[in-house]
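Structure, as structure tokens:
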Amino acid sequence: MDGNGRWAKRRALPRAMGHKAGGDAVRRTVQAAEDLGLECLTLYAFSSENWKREESEISDLMNLMRRFIEANLADMIERKVRLKIIGDFKAFAPDIVEKLEDALARTSGGTRTLAVALNYGAQQEIARAARLAAEAGAIDPESIEKHLYTADLPPLDLLIRTSGEVRLSNFLLWQSAYAEMLFLDVLWPDFGEEHLRAACEEFAKRERRYGGR
């Protein structure tokens, strides 16, 4: 979900306003995913590299996270959306960890999944999975995959990156081996149902070969 800062800069607004607008885009996209019948939607919300940002921006993001959980948890429960966190969210402030653990428990019976990457980096995920696989006695693709944060999620079909950047930025490197990719020249706060619907339509046109002809 890239482009919050640039969205704010183009409007001469503080970066915090860009992140707030990005939160609104999250709500629109989650609703659109439900309307389109998607089984699982994964959002990259806070990377392990984001800790390098200015302390004030990190504080704004943490406060936004707190408000987002408080404002949307009841709706997620009602709409039977299961929250899944990928990444080491235990590194956040204790009150955020408590809110996330409460949300995970209270949405566990959901029939559709909203996976949110928090304090996540794909290289770190793969290293962690390899270490756990080695401790279990086998290092091969199957055993590593069993120890990924996404082990209980369906395979990644389509990876969308907004803002015009054409790179993966340490996101789901293992899982995207045969995923289709779509890079959109739209800033995340401007993303909405029409973009997700168009992305799904584009995905439906593609022929997936998995290395075959």
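If the elastic network links every pair of Cα atoms under 10 Å, which of 169, 56, 48 fluctuates the most in the Gaussian network model of the chain?
Highest fluctuation among the options: 56.
Positive end of the charge dipole of the range 67-162 (Lys, Arg +1 and Asp, Glu -1 on Cβ, about the Cα centre): tell me which of 103, 72, 83 has its Cα farthest that way.
Among 103, 72, 83, the one farthest towards the positive end of the dipole of the range 67-162 is 72.
Treat each spin label as a single point 7 Å out from the Cα along the C-beta direction, and report the residue 34 to residue 151 distance in nm.
Computed distance between label sites residue 34 and residue 151 equals 3.1 nm.
Relative contact order for the range 4-202: what is it in percent, counting Cα pairs under 8 Å that are at least 6 residues apart? Walk me through the intermediate numbers first.
Working: 258 pairs, mean separation 51.1, N = 199.
Relative contact order, the range 4-202: 26 percent.
List the lysines whose Cα sits under 30 Å from the Cα of residue 84, skipping any in the same chain fewer than 8 residues away.
20, 52, 99, 146, 205
What distance in nm lies between label points placed 7 Å from Cα along the C-beta direction at residue 69 and residue 124?
Reported label-point gap for residue 69 and residue 124 is 1.7 nm.
Taking the radius of gyration and the Kirkwood hydrodynamic radius from Cα positions alone, what is the Rg/Rh ratio for the range 4-202, to two decimal places?
Working: Rg = 16.9 Å, Rh = 17.8 Å.
Reported Rg/Rh, Kirkwood definition of Rh: 0.95.
Pick from 46, 92, 191 the residue whose mean-square fluctuation is largest in a GNM of the chain, springs joining Cα atoms under 10 Å.
Comparing 46, 92, 191 in a Gaussian network model of the chain, the most mobile one is 92.
Under the 0.36 nm per residue contour assumption, what length would be gained going from the current alpha-carbon distance of residue 181 and residue 98 to full extension?
Length gained, residue 181 through residue 98: 26.4 nm.
What residue among 16, 51, 195 has its Cα farthest toward the positive end of the dipole of the range 4-202, where the charges are +1 on Lys, Arg and -1 on Asp, Glu, each on the Cβ?
16
Taking 7 Å along the Cα-to-C-beta vector as the label spot, tell me the residue 111-residue 170 distance in nanometres, rounded to one decimal.
Distance between the two pseudo-spin positions: 3.9 nm.
Which order, highest average first, do 125-131, 39-45 follow once you tally other Cβ atoms within 10 Å for each residue and take the mean per peptide? Don't skip to the end; give the middle numbers.
Values: 125-131: 16.6, 39-45: 18.3.
Sorting 125-131, 39-45 by mean packing, highest first, produces 39-45, 125-131.
Express in whole angstrom the spacing between the alpha-carbon centres of the range 73-126 and the range 1-44.
Cα centroid of the range 73-126 versus Cα centroid of the range 1-44: 17 Å apart.
In a Gaussian network model over the chain where Cα atoms closer than 10 Å are linked, find which of 37, 18, 87 has the largest mean-square fluctuation.
37
Calculated from DSSP H runs of 4 or more alone, at -39500 (n - 2.57) each and per residue, what is the 222 nm mean residue ellipticity of the chain, nearest 500?
Numbers: 7 runs with 99 residues, N = 213.
Per the formula, -15000 deg cm²/dmol.
Taking the Cβ of residue 51 as the centre, find all other residues whose Cβ is under 13 Å away and add up their charges (Lys, Arg: +1; Asp, Glu: -1). Write out the running numbers ahead of the final one.
On the way: positive: 52, 53; negative: 49, 54, 55, 57, 88.
In short, -3.
Each reported figure results from applying straightforward, stated rules to the coordinates on display, with no laboratory input. Treat the numbers as computed from the prediction; the structure is a model and nothing was measured. Neighbour counts are summed over all protein chains in view; Cβ atoms, including those assigned to glycine, are modelled from backbone coordinates with ideal geometry.
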